[in-house]
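Student: The following block contains the structure, expressed as structure tokens.
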Amino acid sequence: MSDQSTTQLAETRLASNWSRATASWLPAAILLLATVLVWEATVRIFAISAFIIPAPSEIARSLVAQWDTLMQATLVTAGEILFGFLVSVVVGVAIALVIVRFDWLGRALYPLVVLFQNVPKVALAPIFILWFGYGLAPKIGLILVIAFFPVTLSMLAGMQSVDRSLLSLMNSVGASQTQILFRIRVPHSLPSLMAGTKIAATLSVIGAIVGEFAGASDGLGYVIQFASTQLDTALVFAALLLVSVLGIAFYYAAEILERIVVPWAPKFSQS
Amino acid sequence: MRIETIREEGARPAHLHPDDLISAKGVSVVLARQQVLRDINLSIPEGSFVSLIGPSGCGKSTLLKVLAGLVEPTSGGVSIAGLSPVEAARKRMIGLVFQDANLLPWKNAVDNASMLLGIADKSLSRAALRARGQEMLDLVGLGDSAHKRPHELSGGMRQRVAIARALALDPAVLLMDEPFGALDAITRDSMGQSLLEIWQRTGKTIVLVTHSIDEAIHLSRHVHVMGIKPGRITESLDIGLPYPRDLAVAEDPEFVRLAVQLRAMLRASHKPGGVS
């Protein structure tokens, strides 16, 4: 096949990929638009008061009017999420490594980690406020206790699913446990770890908002709570919209990270 | 050659036949109160190609693991050039190939081929490892796929990389546990033929565990038939067909006769073998 026709083929394939992507988004976009229109119409027809259900146009107006305040709050919350998420990943990975590498410590630690997972961690928020005050620290603490678990669990699952005959190969040439850990188990666990990381990204958003509900003087959670006491429901919804956008942004950031870290993962390998 | 130096180093026990590289004496293995192997006696001459064939549950894979030092026999012992299997493995005398290629998906073919060597010999530089990996890929006929990742390779190609990885250690013996068991019949035939060529070029001793009568006769010089309950060697058969052999050997009347004989032996091996 000539170079030119190969290029053409590639272009056609790219175009068809693009149209396929559009086609898969289109139904969702139409449904969303329809929902917004029905919502707007319902609120107007039945003259529902804005502090119960604000119309989408009302929310948009509030979003524009309070733009500076909201952006400032978004920045604060995004900072908490990012910092808390990174701490969760580091701590989660460290716990998983300790559990796998040090057998006796792992047997002591693992049941405690599972036990701790059953504590309703949202309920820890007031205690963290009591301990760490109203600043960044209690939010990071809350995100950590909520988000480290899927990181630890997914990495453990990945590290422990290494094929036995591969371990036999390593043992036969006298590989040390540390070599097996870092050359085989850790890279092998990355696809699974990245899946856990995406869950942690989503949970980090929840952790930050709950932390702000419990006590804060800034951030989107604070805006939501403050606006609801003022019966400014439109502002509540505007802040909620921004929280959702943050959540989606963090999720896709984690997804992009996944493509960079594990381009060889089975899910990307179908050619 | 490496095999020679090993032979001079190892103090050879008196009971060993001078040409035997591997010798198993009275090997029994009991796992979870089940007698998996009973009183296995086996001597494998240096440079030969030996197959272990038998029904499922005859312990042929376990026997291979005993030879590799991965399973400790309950009684009896194995010596490889005068060393215990574990010692031999540490001296890179044993190359292992399993049914699953077990390549690392994040490494390309050449890095996979040199991966075990890198663990075994920490003094080797990255460049030296690459060169060795490339050399081994050339040997198994994958020289131009060095930079492909495992998911870009077919099942047969992956298994070739696994063989290259074992050969990179320059082992005296290659222990293979159904290496072609997961491949289709055509790939399987060509892999067998390639293995024969590699064997003849390198002079390694090869022990192959297989389910396939044709594969055993096509490739090996000696075939040991194993029986079940408990796992034991019931018969041994010399394959007198001259080397080099190719796939056409299957049409040889002698091949056909041996296949009939081996099939009869296998049928007999399915009967439980009395009390110990």
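Student: Yes or no: B:Asp39 within 14 Å of chain A (Cβ to nearest Cβ), in contact (Cβ under 8 Å) with a residue 60 or more places away in the chain and acidic (Asp, Glu)?
Tutor: In short, no.
Student: Turning to a different aspect of this structure: Residue under question is A:Ser161, and the condition is that it be over 22 Å from the mean Cα position of the chain (by Cα) and either more than 23 Å from A:Lys198 (Cα to Cα) or not assigned by TED's automatic domain parsing to the domain that holds A:Leu220 (or both); does it hold?
Tutor: Spelling it out, it is not the case that A:Ser161 is over 22 Å from the mean Cα position of the chain (by Cα) and either more than 23 Å from A:Lys198 (Cα to Cα) or not assigned by TED's automatic domain parsing to the domain that holds A:Leu220 (or both).
Student: Same structure, new question: All but one of (1) charged (D, E, K, R); (2) in contact (Cβ under 8 Å) with a residue 40 or more places away in the chain; (3) more than 14 Å from chain A (Cβ to nearest Cβ) hold for B:Arg33; which doesn't?
Tutor: Only one criterion is unmet by B:Arg33, namely (2).
Student: While we're here: Quickly run through region A:117-139 and pick out the residues that are in contact (Cβ under 8 Å) with a residue 24 or more places away in the chain and over 21 Å from the mean Cα position of the chain (by Cα).
Tutor: Residues satisfying the conditions are A:Pro126, A:Phe128, A:Ile129, A:Tyr134.
Student: OK, next. So how many residues does region B:142-154 have that are more than 14 Å from chain A (Cβ to nearest Cβ) and crowded, with 16+ Cβ neighbours inside 10 Å?
Tutor: Going through region B:142-154 one residue at a time, the tally reaches 3.
Student: Can you find a residue that is surrounded by 24 or more Cβ atoms within 10 Å (Cβ to Cβ), on the phi < 0 side of the Ramachandran plot and modelled with pLDDT under 90 anywhere in region B:3-23?
Tutor: Yes, the conditions are met somewhere in region B:3-23.
Student: Which residue pairs have Cβ atoms closer than 6 Å, lie 6 or more positions apart in sequence or on different chains, and pair a first residue in region A:65-86 that is assigned by TED's automatic domain parsing to the domain that holds A:Gly219 with a second residue that is among the β-branched types (Val, Ile, Thr)?
Tutor: So the pair list comes out as A:Ala73/A:Val223; A:Ile81/A:Val205; A:Phe83/A:Ile140; A:Gly84/A:Ile140; A:Gly84/A:Ile143.
Student: Condition check: in contact (Cβ under 8 Å) with a residue 12 or more places away in the chain, of a type in the set (A, V, I, L, M) and out of contact with any Cys (no Cβ under 6 Å at 6 or more places or on another chain). Does A:Ile184 satisfy that?
Tutor: Yes; evaluated as a whole, the condition is true for this residue.
Student: Mind checking which residues of region B:86-113 are touching a residue at least 40 places away in the same chain (Cβ under 8 Å), touching a Gly at 6+ places or on another chain (Cβ under 8 Å) and not aliphatic (A, V, I, L, M)?
Tutor: Across region B:86-113, the qualifying residues are B:Gln99, B:Asn112.
Student: Then there's this: Please go through region A:154-179 and give me each residue that is over 17 Å from B:Asp121 (Cβ atoms) and facing chain B (nearest Cβ under 9 Å), ordered by number.
Tutor: Of everything in region A:154-179, those that are over 17 Å from B:Asp121 (Cβ atoms) and facing chain B (nearest Cβ under 9 Å) turn out to be A:Asp163, A:Ser165, A:Leu166, A:Ser168.
Student: In the set B:Arg149, B:Arg132, B:Arg160, which member is under 26 Å from A:Met159 (Cβ atoms) and either under 14 Å from the mean Cα position of the chain (by Cα) or among the charged types (D, E, K, R) (or both)?
Tutor: Values: B:Arg132 fails: under 26 Å from A:Met159 (Cβ atoms); B:Arg160 fails: under 26 Å from A:Met159 (Cβ atoms).
Every option except B:Arg149 fails the conditions.
Student: I'd like to know if region A:241-258 contains one or more residues that are in contact (Cβ under 8 Å) with a residue 12 or more places away in the chain, within 30 Å of B:Leu153 (Cα to Cα), surrounded by fewer than 20 Cβ atoms within 10 Å (Cβ to Cβ) and within 14 Å of another protein chain (Cβ to nearest Cβ).
Tutor: No, that holds for no residue.
Here is a yes/no grid of residues against (1) surrounded by fewer than 20 Cβ atoms within 10 Å (Cβ to Cβ); (2) in a loop (DSSP other than H, G, I, E, B):
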{"residue": "B:Met226", "(1), (2)": "no, no"}
{"residue": "B:Tyr243", "(1), (2)": "yes, yes"}
{"residue": "B:Ala250", "(1), (2)": "yes, no"}
{"residue": "B:Ala259", "(1), (2)": "yes, no"}
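Student: Name the one entry in B:Ser236, B:Ser190 that is over 22 Å from A:Leu166 (Cα atoms) and part of a helix (DSSP H, G or I). If you could, list the steps in order and put the result at the bottom.
Tutor: Values: B:Ser236 fails: part of a helix (DSSP H, G or I).
Among B:Ser236, B:Ser190, only B:Ser190 is over 22 Å from A:Leu166 (Cα atoms) and part of a helix (DSSP H, G or I).
Student: In this structure, does A:Ser217 turn out to be at pLDDT 90 or above and surrounded by fewer than 18 Cβ atoms within 10 Å (Cβ to Cβ)? First the steps, then the outcome.
Tutor: Working: at pLDDT 90 or above: no; surrounded by fewer than 18 Cβ atoms within 10 Å (Cβ to Cβ): yes.
For A:Ser217, the condition - at pLDDT 90 or above and surrounded by fewer than 18 Cβ atoms within 10 Å (Cβ to Cβ) - is not met.
Student: Would you please name the residue that is farthest from the other protein chains (Cβ to nearest Cβ), looking only at residues in region B:86-126 that are among the polar types (S, T, N, Q) and part of a loop (DSSP other than H, G, I, E, B)? First the steps, then the outcome.
Tutor: Looking only at region B:86-126, we keep the residues that are among the polar types (S, T, N, Q), and these are B:99, B:102, B:108, B:112, B:114, B:123, B:125.
After this cut, where a residue has to be part of a loop (DSSP other than H, G, I, E, B) as well, the list is B:99, B:102, B:108, B:123, B:125.
Details: B:Gln99: 8, B:Asn102: 4, B:Asn108: 10, B:Ser123: 14, B:Ser125: 17 Å.
Here the residue is B:Ser125.
Student: Right, next: Go through region B:72-85 residue by residue and tally those that are without any contact (Cβ under 8 Å) to a residue 60 or more places away in the chain and more than 10 Å from chain A (Cβ to nearest Cβ). I'd like the intermediate steps shown before the answer.
Tutor: So the first thing to find is which residues in region B:72-85 are without any contact (Cβ under 8 Å) to a residue 60 or more places away in the chain, and the list is B:72-78, B:84-85.
After this cut, where a residue has to be more than 10 Å from chain A (Cβ to nearest Cβ) as well, the list is B:72-78, B:84.
Adding up the residues that qualify gives 8.
Student: May I pose another question? Select from region A:10-52 the residues that are modelled with pLDDT under 90, within 30 Å of A:Ser228 (Cα to Cα) and surrounded by 10 or more Cβ atoms within 10 Å (Cβ to Cβ) and list them in ascending order.
Tutor: Within region A:10-52, A:Ile48, A:Ser49, A:Ala50, A:Phe51 qualify.
Student: I want to confirm something. Restricting to region B:161-204 and keeping residues that are under 19 Å from B:Asp138 (Cα atoms) and basic (Lys, Arg), which single residue is farthest from the other protein chains (Cβ to nearest Cβ)?
Tutor: Ranking the qualifying residues of region B:161-204, first place goes to B:Arg201.
Student: Further question on the same structure: A:Lys267 fails exactly one of the following numbered conditions: (1) modelled with pLDDT under 90; (2) in a helix (DSSP H, G or I); (3) buried (at least 20 other Cβ atoms within 10 Å of the Cβ). What is the number of that condition?
Tutor: Going through (1) modelled with pLDDT under 90; (2) in a helix (DSSP H, G or I); (3) buried (at least 20 other Cβ atoms within 10 Å of the Cβ) one by one, A:Lys267 breaks only (3).
The values are calculated or read from the model by the stated rules, or taken from the named source; none is laboratory data. This structure is a prediction, so every number in the text was calculated from the model and none was measured. Note that each Cβ is placed from the backbone with ideal geometry, even for glycine, and that neighbours are counted across all protein chains shown.
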